[in-house]
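Okay, structure first, notes after.
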Amino acid sequence: MHLFLICDTFFPKQNSGAIQLKDLANSLVSLNNSLTIFTIGEQDKIEKFNEFDIVYIKPFFYNSKNYYLRFMSEISYSFYFKKAILNYIKNDKREVGGLIFYSPSIFFGHLIGSLKKKLRVKSFLILRDIFPEWAVDLGIIKNSISIRIFKYFSSYQYRQADYIGVQAQSNIKSAANWIDEQQREKLVKLYNWLTPHKTTNPSFMYLDNLKIDYTNKKIFIYAGNVGDAQDLNLFVDAAAKLLDRKDILFIIIGKGKNYKSIFNRVDRDSINNVIMLDEIDNNKLFEFLPLCYAGIISLNKNHKLDNIPGKLLSYLSVGIPTLGAVNQNNELVELNKRFKYGLIYDSGKVDDIVKGAIKLAEDKEFYLKTKKNSFKFFNTFFTTKKAASKILDFLN
């Protein structure tokens, strides 16, 4: 089939969604399909990348930090994308066999509805962000009018999909809380995915260049967004309680709304077992990730809907255990009971994180088992080929 993949993030961006979608695109092509990606860029242009085309589309107010202007920009996605896609179709005579679109954003509904009528194809929504529900749960959005507007767009987008891939079985069980009854039969479980990076000679050269002293340290690493949804202050609290442990070092890599405040707190309170680094290229991260001791996942305890963070897959794919703090009854807790890939807590208690870090650092037999189990867990559920094949099965 020739497929269209529509998304608001893609290569060369380095966020987890962009990395995931690049891996998925490569896998779809490797399974004997052709592909065109339509995504947001800093200028309108078409590029050839690997075996597929990338059509970059620049809407107005692109990357604005003003929330109102950003909303106006995103709400215009369907208009800008439709114009670019129709121009592309004029010059490319391949018959399109299916549409794949990715959320976030929630603003592709009108575009997908229009394309389905024109092309007479099925559509698969990869839903990674159940918005606005999670933002309401965390108290980020409180205005009732704003909530109604966002729910209109998300609901309209769900109606345009023939299938909706959610990232946890619990999302299907809780469907009554976030999706209209007539749309629930479209829901299918589609775990997050990752193509493992092959690093032949991992080294800490990147940390050496930054003059970070990691000698005789067990590095607990976090790499990802630093915002309200993550609540990394819990791990900073744990680090403060572990200051006397000279063998444990926390490294937080990323960017986001709360990055500066956490950076300032670490500096102000002299929490010198926490190193804060800006977001780095994913290839650089994987140069030293296999040498880290454990990976950190952190989800705000007020989440009511589950997600499986992309960063977890990075840790699993290189065989390092996970130390996690998640919302209550998160599916990752049950999966850890089965696969024992680390220590995952849903209590929201700092002392549990402290206890978990010490357990991983001191119990060598337990630690080695979790390392081995991490690979097995990854290969059972999270390979890109599994995700691509599942999407193709539904579109076919």
Per principal axis, descending, Cα span of the chain in whole Å: 64, 49, 39
Alpha carbon centroid spacing (whole Å) that separates region 259-300 from region 140-180: 32 Å
Cβ-derived FRET efficiency at R0 41 Å, Asp228 paired with Glu181, nearest 0.05: 0.85
Farthest toward positive dipole pole in the chain [+1 Lys/Arg, -1 Asp/Glu at C-beta], among Ala325, Tyr77, Asn307: Tyr77
Per residue accessible area in Å² of region 1-92, where ligands, DNA and RNA are left out and the probe is 1.4 Å: 49 Å²
Packing-based order for 384-392, 329-337, using average beta carbon neighbours within 10 Å, highest first: 384-392, 329-337
Unit charges on C-beta of K, R, D, E only; dipole of region 217-369, Debye: 140 debye
Equivalent ellipsoid semi-axes - Cα gyration tensor, region 230-370, angstrom: 21, 18, 17
Rounded tilt (10° steps) of 77-91 against the dominant C-alpha axis of the chain: 60 degrees
Extension gain, Thr200 back to Ser76 (0.36 nm per residue minus Cα-Cα distance, nm): 40.2 nm
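Using the heavy atoms of the protein chains alone and a 1.4 angstrom probe, what is the accessible area of region 351-396 per residue in square angstrom? Let's see the in-between values first.
Values: 2520 Å² over 46 residues.
Dividing the accessible area of region 351-396 by its residue count gives 55 Å².
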Isotropically averaged projected area of region 112-177, using the convex hull of Cα atoms (one quarter of hull area), nm²: 5.0 nm²
Amide H contacts under 5 Å for Ile126, placed H, 5+ residues apart: Phe101, Tyr102, Ser103, Gly165
Among Gly139, Phe124, Gln183 - extreme Cα towards positive end, dipole of region 114-192, charges at beta-carbon: Phe124
Carbon and sulfur %, accessible surface of the chain computed with the full protein complex present, 1.4 Å: 49 percent
Amide hydrogen neighbours beyond the local backbone of Gly98, cut-off 5 Å, H modeled: Phe4
Around Asp162: net Lys/Arg minus Asp/Glu count, Cβ-Cβ under 10 Å: +3
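The values are calculated or read from the model by the stated rules, or taken from the named source; none is laboratory data. All figures in this text were calculated on a predicted structure; none of them were measured in a lab. Note: ideal-geometry Cβ built from the backbone for every residue, glycine included; neighbour counts use all protein chains shown. Heavy atoms of the whole protein, side chains included, go into the accessibility calculation; ligands, DNA and RNA do not. Shrake-Rupley method; radii C 1.70, N 1.55, O 1.52, S 1.80 Å.
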